[in-house]
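The numbers here are math on the coordinates, done by the rules we state, and not lab data. Fair warning: this is a prediction, and the values are worked out from it, not measured in the lab. With ideal geometry, Cβ positions are generated from the backbone for all residues, glycine too; neighbour counts draw on all protein chains shown.
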Amino acid sequence: MKRFVLLAAVAVAALALCAAPLTAAAESPSPTAENGEVVFRLGITQGYDGFNPFAHWSGPTWDVFRLCYNFLTWYNEDYEPVPDLATEWSTSEDGKVWTFTIREGMKWSDGEPLTANDIAYTYNRILDTEHWAYIQYLVGVQSVEAPDDATLVITCDKPNASMLALYIPILPEHIWKDVSDDDLENYKNIPLVGSGPFILDEAKKDKWVKLVPNPDYPDDLGGAPKIDEFWYIFSQNMDSMVQDYKAGNLDAIVDWPASYYEDLKDIEGTTVSKAPAIGFVEMGVNCYDDPSSKGNPLLLDVAVRQALNYAIDKQSIVDASMGGLAPVATSLISPVQGIWHYDVPEEEQYTYDPEKAMQILEDAGYSDTDGDGVRQDAKGAKLEFRFSAFNEYPEQQQAAKKIAAYCDDVGIKLKLDMMDEGAFSDQYYSNADGDLFIWSWRGDIDPGFMLSTFTTAQILNWGDSNYSNPEYDALYEEQMLALNPEDPSDPSSRADVVHEMQAILYRDSPYVILWYNINLQAFRTDRWEGYGLVPTSGDGAPFFNLTRTTYQELAPLTAATAADEGGTSTGLIVGIVVAVLVVAALVLWLLRRPKKAEIE
């Protein structure tokens, strides 16, 4: 036994030689393998907001949902539907009845079997409560039934074109059936009982989230992850996060400002991506036409919103805020979403034209009658608006400053308010207390969700612009039902309606969409392999790309592979240390006592 303990001590000493000094990550676990376990650490500045799929929406939270839950169908690296809980599916001749064969042998993380009944329960709970977060996916659905454990039947009153894109995590009936409708959004969902490739093990607010592999995850879905622990490390300061990465305390970092791009791409052993991504950054406009709204009513005038579009130079804003790396945006749906993106005709595009902006305002009755540089309407109400930008996003803050300067040039005064994202949400979603804001969406692969955020039903819910247009609402229903029964995979008829909806939004401008998202990520390729990049060519991003590939396939780069690929001596040392720790792990396994999961 003494020999084993001695060998363990030697291994730990060798590990210490390889470990870089800790800085801001000092409160989190060692960045390298501990106790013989393989640990990957991902740095990000945005934290989680909880783990209830009915109430929590932050980026890290939903990354956890994607890894800890399964969905009816999933996506491959080309964003095409592939099996998940459903292994195959078919539709009736009229396109109204969908029948799914459900994967057998699946288990929840507490050991209970997962069957078609859990899927039916999840969808029916949404239908029964008409829950605003997911009901838009189930347009036209009349019933969801599980005739047996391996069969799910969804019946619609009309064909539903998005049935293979239901972005709804499947929940365990035996857990959630005891949660009342009144508590649906208050339930903490801890422990999180899921079925995905990972299990939520620990979480500490503003510090970290720890995931561990689900050993029962089926091989047909990629099997259990190859690493022992996956950590999201939340940094309160961007510079500290970047320095932790440089010091070796983090294996990857995401969502950093474009100003770091040149610095990070020159780090030896690092790959940096600037991958085109779903979603965008927008200047949102409060269009809530209701007595309870606390927004400035002048923004209800479409002429003012159109003038805002012409007043700003988007390319200059992107150059300053994103280092020119992001593409300037036009319509709502990102180009990476293929056929769903609407190419605005060149003659209809809002271009930087301050003279045209001023002419639109003059024609609409807004003039600078008192010579103070701010236009006003015939009643003396000035074009002065509050403009919120969030401390969490420095690139958006910089963009907001430029936008304010451009607007000032045409007689619109924006009063910048730099605040925390959470504080704005609390203030704004209660009674639309705000005028303009700069924010962003990651979005979903299918266009249905993003389009739904502008429907009347989503005012003060998903719809932060609080826009309402009966014509648009009708088109939303139409596009969800625009299915070709002979070929459900043919999106062409639906795409025509989706384009028409985007044209309406572009004209009415409840959003001024500034740029399309890019995934700015840096990750160690001299220590790790198994990254699944999306897109697969060019500057693909391995994380937050709506696939699970990277998380399941990550593995330490072996010494031999590192040598073949020109790896550094650090990679070789890590390989040796891992080999030594295999023996040390035996002793530590014997001595270690299990601990309870820690969730705050």
Cα gyration tensor, the stretch 324-401 - rounded (a/c under 1.5), prolate or oblate: oblate
Ellipticity estimate at 222 nm from DSSP helix runs (n ≥ 4, -39,500 (n - 2.57)) divided over the chain, nearest 500: -9000 deg cm²/dmol
Theoretical gain in end-to-end length, residue 259 to residue 405 [0.36 nm per residue, Cα-Cα removed]: 50.4 nm
Size of charge dipole - the stretch 93-174 - debye, nearest 20, with Cβ of Lys, Arg +1 and Asp, Glu -1, no other charges: 280
Proximal lysines relative to residue 413, as straight alpha-carbon distance under 24 Å, when same-chain residues fewer than 8 apart are discounted: 294, 314, 356, 379, 382, 401, 402
Unit charges on C-beta of K, R, D, E only; dipole of the chain, Debye: 2420
Three-way shape call for the chain based on the alpha-carbon gyration tensor, with the a/c threshold at 1.5: oblate
Net lengthening on full extension, residue 216/residue 315 (0.36 nm per residue, minus Cα-Cα): 30.7 nm
Rough spin-label spacing in nm, given labels placed 7 Å along Cα→Cβ, for residue 359 and residue 529: 6.2
Among 116, 212, 195 the positive-end extreme of the charge dipole of the stretch 114-214 (Cβ point charges): 212
Cross-link partners of residue 177 among aspartates and glutamates (Cα-Cα below 20 Å; sequence separation of 8 or more within a chain): 110, 112, 118, 128, 130, 145, 148, 149, 185
Sorted by Cβ density within 10 Å, fewest first, the residues 106, 419: 419, 106
Charge dipole of the stretch 277-518 about the Cα centre (unit charges at C-beta), most positive-ward option of 480, 518, 438: 438
Stretch gain in nm, segment residue 153-residue 347, where the contour uses 0.36 nm per residue and the Cα spacing is subtracted: 65.1 nm
Distance (nanometres) between label positions extended 7 Å along Cα→Cβ at residue 206 and residue 471: 4.8
Rounded to 5, percent antiparallel among DSSP beta bridges of the chain: 75
